[in-house]
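Working notes for the structure below.
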Amino acid sequence: MREFPRDLAQHIRHQLEERKGYTATVGISTSKLLSKLVGNVNKPKAQTTLVPPYVSSEGLESSVTTFIDSHDVGKVPGIGFKAAHKIRKHVLHRDPDFDAGLIYGGTKEKVTVRDVRLSTSMGAEALEEVLAGPGSPYGLGCRVWSLINGLDDSEVGQVRSVPKQISIEDSYIRLDTMDEVLKELRMLANNLIKRMRLDLLGTDEDGGESSFINESEADQADGRISNRKRWLAHPKTLRLTTRPRPPLNPDGTRTRIFSRISRSAPLPGFVSNLQESVDALAAKLVTEALVPLFKKLHPEKSGWNPSLVNVAVTNMADTASDKKSATGRDIARMFNRQEDVLKEWRIEDRDMSSGTGGSCSSNGVELVNRGVYADAPVGFEDGMEPQHSMAADEEWIDEENGVEQTSTSPDKRLRDLIFVLFLLRWTRKFLIQLRGRGVIGSVLEAYTYTRRTLYGIFLRLPGIRSRIELEVSETLLKLEKKLVPSGPGVTRYLTLPAEGWTTDQVRAELGKLAEMEHTRWEDGYVSGAVYHGGDELAQLQTEAFGRFTVANPIHPDVFPGVRKMEAEVVAMVLSLFNAPEGAAGVGTSGGTESILMAVLSARQKAYAEKGVTEPEMILPETAHTAFRKAGEYFKIKVHLVACKTPSYKVHLPSVTRLINSNTILLVGSAPNFPHGIIDDISALSKLALRKKIPLHVDCCLGSFLVPFLEKAGFESEIFDFRLKGVTSISCDTHKYGFAPKGNSTVLYRDEQLRKYQYFISPDWSGGVYASVGIAGSRPGALIAGCWASMMAQGESGYITACHKIVGAAKQIETAIRSHDTLRADLTIIGKPLVSVVAFTSPTLDVYDIADAMSARGWHLNALQNPPAIHVAVTLPIVAAADKLIRDLEEAAREKREAEEKRVVEGKGRKGGAKGDMAALYGVAGSLPNKSIVVQLASGFLDTLYKA
């Protein structure tokens, strides 16, 4: 038995060399640590055994101690480079000298294990102090002391059929140009793919277990692999790691650093293509995956010089096989093996006329089971019973009662129960869908989903995909040129200045930034966006900012004034919306956060009080998109309800049909952003009360206008807490409340609803943590600016502003409805009551009109579904309303003449869109799958962060 490990190791080595062409070294000892060290003695082709004695006795020193003492401390497995460096420094009482050459080379001064072991006062406790540092685990000193003495109690892991990861790396003296980087990445990618094929490919032998391919197969001339080969596992993740080289110190030396930086991404599926050559796959992998990862690790255009690059694939997923760890069954193998599996069963024609016990089948066909059990012969001796083992789900006849009986196993009953529950669950979902959308609506939804999916597949076809990517890239490049300044006179600041600027320098640069070319919102040329209360109010806000620049409401004891101001802001807004006794509210950073918090509160309430785990909410399709964001963030199914002509208000019967036991929230707008229409909040309130469901009213845009409509002499509708079904309201103080951007409120009918949005962590090691919303720290300066704005305006100021703003909106609406040029081509959407006027065109491309207005310096909002434009009137626009109407008449007349010219030329009406806005929204409206629009929008967001 003592010779068994050596014989086994020798057999394995010889088989590896004979079958696969590998050489191997083997270390045989009493622990994993010693086996690794012993195996390094006779590389590359031998095996070594550490012989006894393993313990010192009778004057004989342990062979373990003698063997390990001669090793450098950094060569002991389990002792990392940093730990070894600290130990050397402790033993030498200074930093050791390092080899010249690579900056990550070894040391000139060798510190052996014996040197460490015999060092003064050395032991586990001393090592614990030496190795202590940020992130060091407790007990590290004891662990390292054990390794130094040759003791290792770690278990040897069970062998895996495939590796956990495959990693290829190389180190470099100099790697500071993109050409060099591309060359090295191609080499690493090439070696990585070869290694993947070597380690992860197998071949099926007679339908049995897969065997690995050899190195010559993985490294064919063209790199292609036979169809007989199959992947045993698929890596899911590609990881690129580099080790940046620090810059030279003033004295010409370079600081040694050992930290690496990494980026990961999903491994592209084409890497698994066995019909492509390795070189082709490597080049594609570099271009499509590794270069983008490298640019994320090193975003600067130049100046980087990594000393090491590592490419790895990780997160292995076993492919289908018969193993327990596999992700599924290999269907092809199952079919190949079916003859062997089913050979125990066969159908035979037999002459059953002979025998004394009657026949088993009237047609002479007998089912024979070989290997499980067989019925006894038809005739058997007296006193002998046929040996019959009842199968788990077998049927038999109760001869005495003539009743068929069934024996069912508990596992089958459990499976049946799960299957029944599965059917009930999906039957319920199906019935809810039919009730909510109806048969025709459900069919239309299925058609839309199928059309969108098929179109998405079409867009991903190789030729189409490359064309689309080219078009998208060109569009984004055009956008970047428009948004990101470049050229002479433009200075980009990508790193901190070596020395801080003077105050005058900063002020001068701020002045330049403020005067960059932009749409003149100051002259009233921008729809919405800037809700300016006047220069005097802006000056007051600046003073408030200065007094509370460092204030943070998360510390109410440190900044009591900020706490008081925020509480008073919420109280004033509650009063404005006729809140009942006991109502509560919270300050937020904007309308989106207010909506997110209201939805979160409704979800938590439904879970706590009704146990709803699959929440749904119902909202008009015109409701602010923040509700859709909340649905995505909080995993809430969103039902969109059409807002039909001519009112463009939410369709109440559709809302009623969609309500079910999972509904947590109904939504109405006062008004909505696209068309400025106030939904029928009164009817929604009655429905919410009857169904006992919370109702949220989004008044972010209406803010400080809708509550004052009646006092300013305009038509109004009840929408606030006077309606008993309204449970929460969102109101932006930074819109028509004229507060600085970054201020909003969310209001609740009672305090309990507010508590559902709180986050409280009672057991954090940093102390009890509690916050009212998403943010922890918040700028107290913004709260001070909001409070100052509201106090300076007062009720009379807001009524005056309402009169001006809504009056200007009515002026624009009236002009479009009555002016001959405008009413012939433009149509007002619905009946707007507040500050937003939306219009479409039945005769012209409305997006062309938007582009024509842009050419005249206006920044209006383009809408879709239906195609339209809206103007959100602000105080700056009030003074420019007359010019807006004149320019709109000119734009409409210009487009009308262009259409008539097309007709005369025989080209037909409504020619192709030419402008930027027409191109974007025209394409977006015509595509069943919006993935291209998503790419463009994502690219736009990326462009915002290009310095």
Counted residues, segment 550-602 - those being farther than 29 Å from residue 631 by Cα, touching a Gly at 6+ places or on another chain (Cβ under 9 Å) and among the β-branched types (Val, Ile, Thr): 2
Residues (open to solvent by 30 Å² or more (accessible area, probe 1.4 Å) and either in contact with a Lys or Arg (Cβ under 7 Å, 6 or more places away or on another chain) or within 30 Å of residue 310 (Cβ to Cβ) (or both)) located in segment 153-167: 154, 155, 156, 157, 158, 159, 160, 161, 163, 164, 165, 167
Count of segment 106-120 residues which are modelled with pLDDT of 70 or more, open to solvent by 50 Å² or more (accessible area, probe 1.4 Å) and assigned to a loop (DSSP other than H, G, I, E, B): 3
Which listed residue, of 248, 297, 200, 293, is within 30 Å of residue 83 (Cα to Cα) and modelled with pLDDT of 85 or more: 297
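Restricting the search to segment 599-614, which residues are within 14 Å of residue 730 (Cβ to Cβ) and either more than 23 Å from the chain's Cα centre (by Cα) or modelled with pLDDT under 95 (or both)? Explain how you work it out, then say what you get.
Narrowing segment 599-614 to residues within 14 Å of residue 730 (Cβ to Cβ): 599-602.
Within segment 599-614, 601, 602 qualify.
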Unmet criterion (only one of (1) at pLDDT 85 or above; (2) open to solvent by 50 Å² or more (accessible area, probe 1.4 Å)) for residue 509: (2)
Of all residues making up segment 740-771, the number that are within 25 Å of the chain's Cα centre (by Cα) and crowded, with 19+ Cβ neighbours inside 10 Å: 1
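Residues are listed down the side, and each one gets a yes or a no for (1) out of contact with any His (no Cβ under 7 Å at 6 or more places or on another chain); (2) in the same structural domain as residue 807 (by the TED database); (3) surrounded by fewer than 17 Cβ atoms within 10 Å (Cβ to Cβ):
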| site | (1), (2), (3) |
| --- | --- |
| 863 | no, yes, no |
| 869 | yes, yes, no |
| 873 | yes, yes, no |
| 882 | yes, yes, yes |
| 886 | yes, yes, yes |
| 891 | yes, yes, no |
| 894 | yes, yes, yes |
| 898 | yes, yes, yes |
| 901 | yes, yes, yes |
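Is it the case that residue 830 is farther than 30 Å from residue 542 by Cα, part of a loop (DSSP other than H, G, I, E, B), assigned by the TED database to the domain that holds residue 651 and open to solvent by less than 40 Å² (accessible area, probe 1.4 Å)?
Judged against the criteria, residue 830 is not a match.
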Residue tally, condition open to solvent by 40 Å² or more (accessible area, probe 1.4 Å), closer than 30 Å to residue 22 by Cα and either within 55 Å of the chain's Cα centre (by Cα) or among the small types (Gly, Ala, Ser) (or both), over segment 45-66: 3
Members of segment 886-909 that are modelled with pLDDT under 90 and among the small types (Gly, Ala, Ser): 898, 906, 908
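Table: residues versus (1) open to solvent by 80 Å² or more (accessible area, probe 1.4 Å); (2) among the hydroxyl-bearing types (Ser, Thr, Tyr); (3) at pLDDT below 80; (4) in the same structural domain as residue 660 (by the TED database).
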site	(1), (2), (3), (4)
410	yes, no, yes, no
414	yes, no, no, no
417	yes, no, no, no
425	yes, no, no, no
430	yes, no, no, no
443	yes, no, no, no
455	no, yes, yes, no
459	no, no, yes, no
Filtered residue count, segment 684-706, keeping only those that are more than 22 Å from residue 625 (Cβ to Cβ) and out of contact with any Ser or Thr (no Cβ under 9 Å at 6 or more places or on another chain): 5
Residue 516, sole failed condition from (1) surrounded by 10 or more Cβ atoms within 10 Å (Cβ to Cβ); (2) under 39 Å from the mean Cα position of the chain (by Cα): (1)
Residue under evaluation residue 846, criteria (1) more than 30 Å from residue 738 (Cβ to Cβ); (2) open to solvent by 40 Å² or more (accessible area, probe 1.4 Å); (3) modelled with pLDDT of 80 or more, criterion not met: (2)
Verdict on residue 449 being open to solvent by less than 80 Å² (accessible area, probe 1.4 Å) and either in contact with a Lys or Arg (Cβ under 9 Å, 6 or more places away or on another chain) or not β-branched (Val, Ile, Thr) (or both): no
Hits in segment 525-539 (condition: closer than 21 Å to residue 834 by Cβ and open to solvent by 60 Å² or more (accessible area, probe 1.4 Å)): 529
Any hit, segment 132-139, residues being at pLDDT 85 or above and open to solvent by less than 30 Å² (accessible area, probe 1.4 Å): no
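Hey, can you tell me all the residues within segment 712-739 that are of a type outside the set (A, V, I, L, M, F, W, C), open to solvent by 20 Å² or more (accessible area, probe 1.4 Å) and touching a Ser or Thr at 6+ places or on another chain (Cβ under 8 Å)?
The answer is 717, 724, 735.
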Every residue from segment 49-95 that is within 30 Å of residue 134 (Cα to Cα), without any contact (Cβ under 8 Å) to a residue 24 or more places away in the chain and part of a loop (DSSP other than H, G, I, E, B): 80, 93, 94, 95
Among the residues listed as 87, 103, the single one being at pLDDT below 80, aliphatic (A, V, I, L, M) and closer than 24 Å to residue 308 by Cβ: 103
Members of segment 737-755 found to be touching a Gly at 6+ places or on another chain (Cβ under 8 Å) and either within 15 Å of residue 798 (Cβ to Cβ) or of a type in the set (S, T, N, Q) (or both), listed by number: 738, 739, 743, 744, 745
Residue check, residue 542 part of a helix (DSSP H, G or I), assigned by the TED database to the domain that holds residue 666 and open to solvent by 40 Å² or more (accessible area, probe 1.4 Å): yes
Strands (runs of 3 or more DSSP E) fully within segment 691-806 counting 3 or more residues that are modelled with pLDDT of 95 or more: 695-698, 726-731, 744-748
Per-region count, segment 468-492, residues in contact with a Ser or Thr (Cβ under 8 Å, 6 or more places away or on another chain) and either assigned to a loop (DSSP other than H, G, I, E, B) or at pLDDT below 80 (or both): 1
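The values are calculated or read from the model by the stated rules, or taken from the named source; none is laboratory data. This is a predicted model, so every value here is computed, not measured. Virtual Cβ from ideal backbone geometry, glycine too; neighbours counted across all protein chains shown. Ligands, DNA and RNA are stripped out before the accessible areas are found, and what is left, the full protein with its side chains, is counted by its heavy atoms. Shrake-Rupley method; radii C 1.70, N 1.55, O 1.52, S 1.80 Å.
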